Amino acid sequence: MLITNNLGYPRVGPFRELKKANEAYWAKKISAEELLQTAKEIRQANWNTQKNAGIDLIPSNDFSFYDQVLDLSLTLGAIPARYSSLLDKADNGYSLDLYFAMARGFQQDGIDVTASEMTKWFDTNYHYMVPEFTKGQTFKLSSEKFLNEYNEAKALGIDTKPVIIGPITYLLIGKEKETGFNRIDLIENLLPVYEQILSKLADAGAKYIQIDEPYLALDIDAKTKALYNQVFERLNSAAGNAKLIATTYFEALQDNEDLAVNLPVHALHIDLVRGENQLDTLLDKVPSSLTLSLGVVEGRNIWKNDYQKSLTKIQQAVNALGADRVWIGTSSSLLHVPFDLDSEKNEETLPAEVKNWLAFAKQKLAEVKDLAILANGDVDATTAQHFEANKAAAESRRTSPLIHRPEVKERVSNITDEDAQRTSPFASRKAAQQAKFNLPSFATTTIGSFPQTKDVRKWRADLKKGTITQEEYDKAIAEETENTIRLQEQLEIDVLVHGEFERNDMVEYFGEQLAGYAFTQYGWVQSYGSRCVKPPVIYGDVYRPADMTVRWSAYAQSLTNRPVKGMLTGPVTILQWSFVRNDQPRSTTTYQIALAILDEVQALEKSGIKIIQIDEPAIREGLPLRKADQQEYLNWAVRAFRVSSSNVADDTQIHTHMCYSEFNNVIKDIAAMDADVITIETSRSQMKLLNAFAGDFKYPNDIGPGVYDIHSPRVPSTEEMVDLLRKAKAVVPSEQLWVNPDCGLKTRAWPETKAALESMVKAAKILRAE
Ligand code: GLN
Ligand code: ZN
């Protein structure tokens with residue numbers, strides 16, 4: 001029988017038990033013991049689920065209260081100096097207080113330290129805490145979490161495979177906190193601690209240890225390549241009788257194939273979802289000592305596996321290597337998919353036919369097991385049935401009229417270059433828009449949302465529960481919108497917004513109104529810490545059956561003589577923050593969404609909305625991991641945005657908005673989006689981000705650099721904002737500048753919002769007078 005290998009399991013709990021326990025602990029509503037108990041129960045349930053599914057290599061140390069990278073930093077004693085006061089309080093260098101202080105900052109008992117920086121884990125929507133490195137930094141084994149969890153499972157009768165992020169990847173995902181060294185050179189200091197970890201696990205009886213080295217599937221330089229061999233030599237000897245599994249995911253090995261197959265390890269795990277065809281070149285290179293673990297069941301998306309397709313690959317590997325050197329596994333950790341499809345009972349938002357195309361973490365375990373049995377050939381009646389059901393589901397997906405809308409496909413294939421191009425160049429548009437709106441220099445605006453107070457959220461919840469009527473709900477939203485318009489008039493903001501009170505979330509709101517979308521009840525995936533997201537599911541051809549935003553935008557515009565911006569989410573962001581189809585290229589799905597957004601843009605324009613903002617905060621994060629693939633992505637992403645925004649009159653002003661983005665290297669592509677105005681988040685970087693707009697390449701259209709941080713309740717002074725605007729003016733010509741906050745205000749309360757915007761308008765007026 002082929003060995004089955006799971007890389008990692010989601011840990012928030014089927015109903016977000018860990019999130020709730022963490023938050024209760026932070027609010028001091030439960031004790032540390034209670035939190036630890038919840039965690040233990042989740043781990044046990046996860047291990048038992050995997051055991052019952054018949055998985056051979058079950059991960060341990062994949063659990064985390066907050067983030068597995070943070071766990072590792074604490075294990076390695078990589079604790080930045082600013083936390084030293086907490087370290088003293090902690091017994092044996094590790095405590096929940098210290099841990100959560102590094103995760104979330106700490107402000108208590110006269111101690112005031114900031115949290116670690118957070119960034120996206122490769123191209124996922126999971127965020128990890130960035131390790132911080134200093135010159136000559138040393139490491140010291142400071143926690144035995146990896147060992148405790150291995151022993152905990154063992155006591156339950158489950159001999160697990162501990163999972164550790166490898167030392168090279170650990171260094172590469174971190175950041176130098178001072179100049180004068182390269183973090184990869186810390187490897188010599190780091191390795192002894194890894195050796196300790198491995199030998200302790202081996203002594204405890206671990207038979208297999210998974211070493212995650214996703215960088216083996218990414219662009220790495222010659223020096224790093226050379227390092228891989230040396231590092232694994234050392235790890236391998238430290239591991240004694242435990243067998244190492246060098247584990248890659250999220251990309252194909254490509255130019256690192258030779259390096260990877262010749263590492264001194266027992267097994268190599270490859271991602272056969274992202275690197276679909278890598279077996280073709282790889283199998284010939286695999287030495288007779290190496291076992292290959294095939295990641296065929298996708299850890300990043302929620303579709304059922306196509307058994308027939310997977311079996312072809314498995315057969316190809318078995319033919320070359322023999323069944324005893326081929327394992328079947330998940331492509332990556334299942335951290336990135338929801339727990340259990342069986343919990344989904346709402347047929348209105350997730351029709352049975354669509355549900356039959358899906359597999360969540362628990363179902364994916366069963367798929368891995370089925371594939372192992374099917375590949376083995378000695379198939380029992382139940383598995384044979386599963387195979388038939390799998391074929392039927394795949395066939396239904398290929399042909400279902402729920403998915404396939406010929407008129408949508410046709411519209412996408414008919415998109416022309418003209419459809420992706422405004423009629424006139426920016427300069428003439430700007431003149432036409434100026435003639436129409438007559439806005440002052442340093443025009444002021446906001447990014448869209450205003451405070452989503454408890455009341456606003458309660459109205460939405462009450463409407464859903466049916467405790468208030470649609471009329472009552474609409475009346476409440478209308479009042480809130482009107483108040484917000486009046487406030488903006490009073491503040492003398494130039495371009496108003498309606499406030500987005502009717503929206504739950506900037507993607508879900510559109511998904512709910514677009515055809516081709518389904519929604520889950522419990523499809524939560526960890527985003528960072530206790531924060532989970534529930535991405536909507538794009539299963540079919542997307543189109544827009546009716547107006548989505550016209551009603552509230554037109555209503556807001558009817559209340560005032562100042563221009564009100566229409567607010568839309570862009571096609572790439574809608575794509576990025578959903579579970580997407582795997583039966584057509586991402587670009588095709590994006591173009592379908594782009595056409596739906598275009599329809600809405602035109603409907604807004606017709607209803608008298610002449611300034612329309614299309615938010616694209618996720619365009620940068622969609623960038624492929626391998627450099628060679630990036631330009632192609634940028635080309636279609638930018639083109640999709642242009643399709644959504646170009647077919648409008650010259651004097652219709654298109655804005656876009658992007659937060660938390662790095663613009664270096666992509667500034668020309670951002671400019672190619674050709675929005676009349678782009679608003680960006682710049683205040684926390686003290687306008688440094690603006691430099692990308694004013695380097696050798698000068699960004700040609702208008703820019704609204706954020707003048708204050710909306711993530712904090714702190715009210716900035718007029719002087720601070722004047723100061724930032726002067727900095728902006730030093731690099732970007734005044735005629736190009738707008739004045740606005742960094743992002744939407746929905747997480748803020750009203751008092752600080754009013755105060756901050758008042759100061760902001762004052763700052764703009766001061767700049768106008770200069
Ligand atoms: N228009 C959205 C808002 O103001 C933009 C949110 C975002 O960029 N993340 O809330
Ligand atoms: Zn934003």
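FYI, it's all coordinate maths here, none of it is from the lab. Quantities reported herein were computed from a predicted structural model and do not represent experimental measurements. We place every Cβ from the backbone using ideal geometry, glycine too, and count neighbours over all the protein chains shown.
Between ASP255 and ASP123, the C-beta separation translates, for a Förster distance of 30 Å, into a calculated FRET efficiency of about 0.95.
With a Förster radius of 56 Å, plug the Cβ-Cβ distance of GLU770 and THR747 into 1/(1 + (r/R0)^6) and report the FRET value to the nearest 0.05. Using R0 = 56 Å, I get an efficiency of 0.95. Note on region 292-432: along the principal axes its Cα atoms extend 73, 40, 29 Å, ordered by decreasing extent.
Using a simple spin-label model with pseudo-atoms 7 Å out from Cα toward Cβ, GLU188 and ALA381 lie 6.7 nm apart.
A quarter of the convex hull surface defined by the alpha-carbon atoms of region 95-170 gives 7.7 nm² as the mean projection.
If you model region 429-769 as an ellipsoid using its alpha carbon gyration tensor, with each semi-axis the square root of five times an eigenvalue, the axes come out at 28, 26, 20 Å, biggest first. With kT/(6 pi eta Rh) evaluated at 4 °C and eta = 1.567 mPa s, and Rh the Kirkwood radius from Cα pairs, region 622-743 diffuses with a coefficient of 85 µm²/s according to Stokes-Einstein. For the pair ALA435 and ALA389 in one chain, pulling the backbone fully straight at 0.36 nm per residue adds 10.2 nm over the alpha carbon distance. Of all DSSP beta bridges in the chain, what percent run antiparallel (nearest 5)? Close to 20 percent. Between GLN196 and GLN316, full extension at 0.36 nm per residue minus the direct alpha carbon distance yields a gain of 39.4 nm. The simple spin-label model puts a point 7 Å past each Cα toward its Cβ; for SER85 and GLU348 those points are separated by 5.3 nm. Counting only the backbone N, which residues of region 477-491 are under 12 Å from the spot 7 Å out from the Cα of SER734 toward its beta-carbon? None, by backbone N distance to the label point. Of the peptides 393-399, 579-585, the order by per-residue mean of other Cβ atoms within 10 Å, starting with the highest, comes out as 579-585, 393-399. If you take the Cα centroid of region 354-418 and the Cα centroid of region 234-280, the two points sit 28 Å apart. Each 5 Å bin from zero holds the following percent of Cα-Cα pairs in region 28-176: 2, 8, 17, 20, 19, 17, 10, 5, 2, 0, 0. Here the relative contact order of the chain, from alpha carbon pairs under 8 Å that lie six or more residues apart, stands at 11 percent. Restricted to Cα atoms, the chain shows a radius of gyration and a Dmax of 27.1, 83 angstrom.
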